[in-house]
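The values are calculated or read from the model by the stated rules, or taken from the named source; none is laboratory data. Small disclaimer: the values here were computed from a predicted structure and weren't measured. Neighbour counts are summed over all protein chains in view; Cβ atoms, including those assigned to glycine, are modelled from backbone coordinates with ideal geometry.
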Amino acid sequence: MVRWTAATLTLAAALAIGGCESDDPVPTDSGLTDGGMPPDDGGLDAGHDAGGDDAGGDDGGVDAGVECMPLATDYSPGADDMWPPCISDDGAYHNVEPTISTIARVMSFEEIATLLFDPNRDPTPEQFTMARMIYQVAEGLDSRVVRRYDPHYTAPEGTDCTAVGVPAMYPDYCIGPSTLQPVVLDALAAGATASDPTTPSRVHAARIEGALLYFLAVSPYKESLTCTTTAKDCDSSYAYYTGGEAARGGIGLARYVREVDPAAHDRAWDGILAVRCWRDLDDATVATMLEMRERARQQYDRALMDGVAAVIRDRLLRFDAATGDAKTYWWEMLRVFGPVLDVVMEARAPDRAAIYAAELARTDPATVDVAAAIAAIDAVFDCP
Amino acid sequence: MLACRAARAVAAIAFAQLIFSSLAVDSAHAQYGATARVRGDAADEAESASSSTVTRSQLEERLPRSTPDALRWEAGVYVQQTAHAQASPFVRGMTGQQVVHLFDGVRMNNGLYRLGPNQYFFTVDSQSVQRLEVERGSASVRWGSDALGGAILAYPIEPFLDASAEGIELHPRVFGRFGTADLERGGRLQLEASIGPDTGVLVGAGHRVVDDLESGGVVPHFAELPDDTGGALRRGLVAPWVPRFAEEAEHPDDPDAWRTQLGTGFREGTFDGRIVRRLPGGLRVIGAVYGYRQYDAPRTDQCPPPEAPIVDCLRIDEQFRTLSYVALRGEGGGDVRDVDLILSYQRHHERRVRDRRESSRTEDVWRDDVDTFGIAFRASTRDFDLGERGYWKVRYGMDAYSDQVSSSAFQEFTDVGLVFEQSRGQYLDGSSYISTGLFGEIEARPLDWLTTRGGVRASVVGARAPADPESATRAVNRELGAAVGRAGVAIRATDELELFLNVDQGFRAPNLDDLTSRQQAGPGFQFENPDLRPERTNTFELGAKTALEWIVFEAWAFATMLEDGIVRAVREAEDCPRETPACSASWSQYQLVNADQTSWILGGELWGTAYLPADFAVRATIAYAWGEGPNTGFRETEGTSPFGERVPLSRMPPLNGTVEVRWRHVATGVYAAAGARWALDQTRLAPSDLSDPRIPIGGTPGYGVFDLRVGWRHRDVARVSLLFENVFDAAYRVHGSSVNGPGRGLVLAASLGF
């Protein structure tokens, strides 16, 4: 928090002194592409390939030239693999329960995105207030962000992020209450009150986008874990990524991933079906086939994190290509969202993780070595 | 406001009369276990059906925490608690809207009574209650809509009419009470006055403060859970998320230290005034007001909600109920006997707050008020001859109640000071609900050993609610009619044994809660269905009563068919009403529907008291109810949902019972008693129970709880009662409750009067 605050202040001061000219406002509707993503002022297409080829100056993309095959232990619907026949073999996701409340939260994310997530426009205070009403509806996004913990991190036995003081002790594990929720609420309040006229309101929107994407990125892994005792959490694990869309589709985070890395998105779907397959084969009230569970969860998480990395890589390119307040937007979004990869990178390649973290920790965005950050990502996330 | 003014007016009159009073002594006391009935209604009903009574003496010895809590020792009654400041009696497996509550003959059920357990009977001050009666089984002929599972009747303390009194006599009394499990401290001041031989007045006021309740510990999940589920799952595995415990913060690794339940403390105040004037010719006129004020009462399962920050809390900031009425009772002469004519006004005010200030910088507020005007008339004819030794008579009556509802909801962003009023509250502002009925019952005893009974009721219910286009809420304009009947026969097989066979019909017209409400219920978000039809029951009952010199014993078996049962049907997010995002965001969505198949509840009750030598008495009860109904939306074929076409009914009590042994030394007034309550595991769960955080994974474990009581009474002057509750410190939970039962502790109560 301290470093973010310092960086924000520095950035805000620089912008104020420099008197950056605002971009022309773009109506929200016209600012959205068919896929729902706003084009940035750098003129980049939303697709992964375009980002890699046109603006990256790097090796040409995440998967280019890499021989990427599923693991022998991975589940693939209809394939002749080591998995017994199960409910997922038709390639469709079959709900555990008839209704999935998570879908409404992802829909809320999309509504907020329409209101706020545009690097070329400063949302009005009224739009921030409307976004907050959507965010804080009972049982809505807020209720889950504030309780979100990230099982990618370990914490001592008995750690309960809902208890007072615990999130401060384990901020990475208790990512929701320690970090994401304050970022979102601070930004919503700042945007609604326009309390800092020196900061373009899109900066607040960028932080909200980053925090909510972080939330969507870690939630499937958490839900697939708690599905052990609460079977319908498998539905949430599926829906936090896809928004409940039919096979191979997706809104919310899936929309972001599919646009930049269709292969990762496809593999994430296999992972979703793997998790559902496990819970179909292991259908006791409390699951017992934990080795199978871990196989499925790791398959899903590997693909999903690869897709998330592709999104971050794409946003780094957009940041690099952008100017003015749009550049600030991308930087603020990356500073909040980017650390979601830290734990995975640290586990796979600590040296690359250090480079990546160092670039995102820079207080002056002008000094960020985008190529180094992208290279670190590419070295770690080479195959979903 | 009107209720407040009415209450103040009645209280002012009562206090004004007391100024002219002087001292006297009320010596009327019911004996332990005795049934002290005053009016004919309940007495006649008790003779022909499964019913039982809790007397004032029993209340003073058992020291219940609330009026519903006083019913724990009655067979066939199972008291569920969603919060420490709430309790909902299940009667024969039904509760809430499906059981009618009456206070001194005035119907408490109103158009906002919720489906499932509700807290409304908790608003009857147990300190002002003289006795409670439970009528099991459908009783709609007598009591109208809602009496499907049974009726619970509370009767208040009456001022003593001293025929020998001259001038004004005053009888002040002070009550005090302290409990260790929740640091309950409370008391009541009461003043009784006789104004000449024909007028009696009783006024009282009480206050109580209750802290968080200490339980016997964690009630674990019933299902066996694996150890290796990841550290993050540990809290939810070690103990159900409901309730949370204060000790978790300091001892997160040691659930054995978890005892004090969060979200259980509250405050309450009560007041009451009653004046009775004896009229020439055997009638009495009664004016009365009863007020209940509850503050800061958290809903335990939402304070905090499961998995939410521990600082989040849904609490009832204010729950006020004020009942005032004027009644004419007694013998009217001719064929208007046993008259009970009541004009009543009741106001229920509820203000709920979902406080997420600390975690989310927001707060939601709901306010719901209902004003009810009522009139009820009941009377009977004289006995007409039937043959040489027989008789027949008719009981008849009517009742009408009118509810006016106001409802609103607000959301505040506390960090920026913005407040928004929602387009609608939980209910629709300006709704109204009218319930009317006429009934007649006939009782005939053609032979010494044979009594037959029958009755009919015709009812009309009207529900009105305006539309709210912003929230896509349809207007409601419904008239619903219902006719029900009953028939029964009692055969006195021997002087000691009487057998009963009864067939009773019950009905419940959908109320405003069913037709218009949108709310977060225990299992998920529930939204309205303005097209519901009444639900109906047919109850078949077989009973036997034995009364020997040393033992009284009753046994009842029943079968209840519920037709068109109003149940929660699973809905999908896209079915949610427009502009109600809390619905689609909820874990589960439900809509009330009339079930298309019959639901069944089968069960029985046994209870008896044995009077042993040396002033010992043993009382025992046992009850069971088994319920099954149609599956209203869950699928069997997919996933892990092991449901079929028919499923268990929600929150049905397990096999349960009580045993009490009591010794009383008549000469000195000293008594001692031991009591045990027990219940077996309940693992027959409805689909909605599986997503209900109040129910541990796999079901609710059974329990046994042992109490000791000692006390002393000196005439009607002084009384001291001590309860050593849960002697073995059992960790237990009544199935469906959010609150674990009190741990080992003491409750001390004393009173002194003149």
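It is to be established whether one or more residues within the stretch B:378-386 are within 28 Å of B:VAL460 (Cα to Cα) and surrounded by fewer than 18 Cβ atoms within 10 Å (Cβ to Cβ).
Scanning the stretch B:378-386, I find at least one residue that is within 28 Å of B:VAL460 (Cα to Cα) and surrounded by fewer than 18 Cβ atoms within 10 Å (Cβ to Cβ), so the answer is yes.
Could you grab me the full set of residues in the stretch B:96-114 that are assigned to a loop (DSSP other than H, G, I, E, B) and under 26 Å from B:GLY397 (Cβ atoms)? Quick ask: steps written out before the conclusion?
Filtering the stretch B:96-114 down to residues assigned to a loop (DSSP other than H, G, I, E, B) leaves B:104-105, B:108-114.
Those that are assigned to a loop (DSSP other than H, G, I, E, B) and under 26 Å from B:GLY397 (Cβ atoms): B:ASP104, B:GLY105, B:MET108, B:ASN109, B:ASN110, B:GLY111, B:LEU112, B:TYR113.
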Can you work out which of the residues in the stretch B:231-250 that are in contact with a strand residue (DSSP E or B) (Cβ under 9 Å, 6 or more places away or on another chain) and more than 23 Å from B:GLY699 (Cβ to Cβ) is surrounded by the most Cβ atoms within 10 Å (Cβ to Cβ)? B:GLU247
Checked the stretch A:144-171 for anything facing chain B (nearest Cβ under 8 Å), closer than 27 Å to A:TRP331 by Cα and not β-branched (Val, Ile, Thr); matches are A:ARG147, A:TYR149, A:PRO151
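Looking at B:ARG478, B:ARG486 in this structure, which one is outside any loop (DSSP other than H, G, I, E, B), over 30 Å from B:SER51 (Cβ atoms) and charged (D, E, K, R)?
Values: B:ARG486 fails: over 30 Å from B:SER51 (Cβ atoms).
Answer to the check: B:ARG478.
How many residues, within the stretch B:687-716, are out of contact with any helix residue (DSSP H, G or I) (no Cβ under 9 Å at 6 or more places or on another chain), away from chain A (no Cβ under 14 Å) and not in a strand (DSSP E or B)?
Of the residues in the stretch B:687-716, the ones out of contact with any helix residue (DSSP H, G or I) (no Cβ under 9 Å at 6 or more places or on another chain) are B:687-691, B:696, B:698, B:700-706, B:708, B:710, B:712, B:714-716.
This time we only want the ones that are away from chain A (no Cβ under 14 Å), so: B:700-706, B:708, B:710, B:712, B:714-716.
Checking which are not in a strand (DSSP E or B) leaves us with B:701-702, B:715-716.
Matching residues across the stretch B:687-716 total 4.
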Which residue is nearest to B:THR260 (Cα to Cα), if the candidates are limited to the stretch B:307-337 and must be crowded, with 20+ Cβ neighbours inside 10 Å and within 14 Å of chain A (Cβ to nearest Cβ)? B:ILE310
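For (1) surrounded by fewer than 22 Cβ atoms within 10 Å (Cβ to Cβ); (2) part of a loop (DSSP other than H, G, I, E, B); (3) of a type in the set (A, V, I, L, M), each residue gets a yes or a no:
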site	(1), (2), (3)
A:GLU111	yes, no, no
A:THR114	yes, no, no
A:ASP118	no, yes, no
A:GLU126	yes, no, no
A:THR129	yes, no, no
A:MET133	yes, no, yes
A:TYR149	no, yes, no
A:HIS152	yes, yes, no
Search result, residues across the stretch A:213-238 that are in contact (Cβ under 8 Å) with a residue 24 or more places away in the chain, at the interface with chain B (Cβ under 10 Å from one of its Cβ atoms) and in a helix (DSSP H, G or I): A:LYS222, A:LEU225, A:CYS234, A:ASP235, A:SER236
Of all residues being under 25 Å from A:LEU216 (Cβ atoms) and free of Cβ contacts under 8 Å to residues at least 12 places away in the same chain in the stretch A:285-308, which is nearest to the other protein chains (Cβ to nearest Cβ)? Just the residue, please. A:GLU294
Could you list, ordered by first residue, the pairs with Cβ atoms under 7 Å in which the first is in the stretch A:347-360 and in a helix (DSSP H, G or I) and the second is surrounded by fewer than 19 Cβ atoms within 10 Å (Cβ to Cβ), at least 6 apart or interchain? A:ARG352/A:ALA379; A:ALA353/A:ASP342; A:ALA353/A:GLU346; A:ILE355/A:ALA372; A:ALA357/A:ASP342; A:GLU359/A:ASP369; A:GLU359/A:ALA372
Can you name the number of the only condition in (1) out of contact with any Lys or Arg (no Cβ under 7 Å at 6 or more places or on another chain); (2) modelled with pLDDT under 95; (3) surrounded by fewer than 24 Cβ atoms within 10 Å (Cβ to Cβ) that B:MET108 fails? (2)
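Out of the stretch B:350-365, which residues are under 14 Å from B:ASP296 (Cα atoms) and either surrounded by fewer than 19 Cβ atoms within 10 Å (Cβ to Cβ) or in contact with a Phe, Trp or Tyr (Cβ under 6 Å, 6 or more places away or on another chain) (or both)? Can you show your working first?
Going through the stretch B:350-365, the residues under 14 Å from B:ASP296 (Cα atoms) turn out to be B:350-355, B:365.
Passing the criteria: B:ARG351, B:ARG352, B:VAL365.
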Scan the stretch B:422-430 and tell me whether some residue there is surrounded by fewer than 22 Cβ atoms within 10 Å (Cβ to Cβ) and farther than 24 Å from B:LEU115 by Cα. no
If we keep just the residues of the stretch B:711-751 that are β-branched (Val, Ile, Thr) and surrounded by fewer than 23 Cβ atoms within 10 Å (Cβ to Cβ), which is nearest to B:GLY216 (Cα to Cα)? B:VAL727
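In the stretch B:567-581, is there at least one residue being under 30 Å from B:THR621 (Cβ atoms) and either in contact with an Asp or Glu (Cβ under 9 Å, 6 or more places away or on another chain) or within 14 Å of chain A (Cβ to nearest Cβ) (or both)? Talk me through it step by step, then tell me what you get.
We begin by selecting, within the stretch B:567-581, every residue under 30 Å from B:THR621 (Cβ atoms); these are B:567.
Going one step further and asking which of them are either in contact with an Asp or Glu (Cβ under 9 Å, 6 or more places away or on another chain) or within 14 Å of chain A (Cβ to nearest Cβ) (or both), we end up with B:567.
Yes.
When you scan the stretch A:96-109, how many residues do you find that are touching a Cys at 6+ places or on another chain (Cβ under 9 Å) and either assigned to a loop (DSSP other than H, G, I, E, B) or more than 11 Å from every other protein chain (Cβ to nearest Cβ) (or both)? I'd like the intermediate steps shown before the answer.
From the stretch A:96-109, those touching a Cys at 6+ places or on another chain (Cβ under 9 Å) are A:96, A:104; that's our starting set.
Applying the additional criterion that residues be either assigned to a loop (DSSP other than H, G, I, E, B) or more than 11 Å from every other protein chain (Cβ to nearest Cβ) (or both) yields A:96.
Within the stretch A:96-109, residues that are touching a Cys at 6+ places or on another chain (Cβ under 9 Å) and either assigned to a loop (DSSP other than H, G, I, E, B) or more than 11 Å from every other protein chain (Cβ to nearest Cβ) (or both) number 1.
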Restricting attention to the stretch B:263-296, which residues are touching a Lys or Arg at 6+ places or on another chain (Cβ under 6 Å), surrounded by 22 or more Cβ atoms within 10 Å (Cβ to Cβ) and within 30 Å of B:SER359 (Cα to Cα)? B:GLU268
Out of (1) modelled with pLDDT of 95 or more; (2) surrounded by 18 or more Cβ atoms within 10 Å (Cβ to Cβ); (3) within 14 Å of chain B (Cβ to nearest Cβ), the odd one out for A:ASP282 is which? (1)
Starting from residues that are more than 10 Å from chain B (Cβ to nearest Cβ) and crowded, with 24+ Cβ neighbours inside 10 Å, keep the ones in the stretch A:192-202 and report whichever is nearest to B:THR362 (Cα to Cα). A:ARG202
For residues in the stretch B:222-240 being within 9 Å of another protein chain (Cβ to nearest Cβ) and assigned to a loop (DSSP other than H, G, I, E, B), which is modelled with the highest pLDDT? B:ALA223
Filtered residues of the stretch B:363-373 (kept if closer than 15 Å to B:ARG315 by Cβ and touching a helix residue (DSSP H, G or I) at 6+ places or on another chain (Cβ under 8 Å)): B:GLU363
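Within the stretch B:583-617, how many residues turn out to be part of a strand (DSSP E or B) and either within 14 Å of chain A (Cβ to nearest Cβ) or under 29 Å from the mean Cα position of the chain (by Cα) (or both)? Working first, answer last.
Within the stretch B:583-617, the first condition is being part of a strand (DSSP E or B), and the residues that meet it are B:589-594, B:599-612, B:616-617.
The next check asks that each one be either within 14 Å of chain A (Cβ to nearest Cβ) or under 29 Å from the mean Cα position of the chain (by Cα) (or both); those that pass are B:589-594, B:599-610, B:617.
Number satisfying all stated conditions: 19.
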Within 21 Å of A:THR230 (Cβ to Cβ), within 11 Å of chain A (Cβ to nearest Cβ), assigned to a loop (DSSP other than H, G, I, E, B) and touching an Asp or Glu at 6+ places or on another chain (Cβ under 6 Å): is that true of B:PRO304 in this structure? yes
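Return the residues of the stretch B:525-544 that are among the acidic types (Asp, Glu), touching a residue at least 40 places away in the same chain (Cβ under 8 Å) and more than 24 Å from B:THR560 (Cβ to Cβ); say none if nothing qualifies. Walk me through it before giving the result.
Residues of the stretch B:525-544 among the acidic types (Asp, Glu): B:528, B:531, B:535, B:541.
Now narrow it down to the ones that are touching a residue at least 40 places away in the same chain (Cβ under 8 Å): B:528, B:535, B:541.
Result: B:GLU528, single match.
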Go through (1) surrounded by fewer than 21 Cβ atoms within 10 Å (Cβ to Cβ); (2) at pLDDT below 95 for B:GLU528 and report which single condition fails. (1)
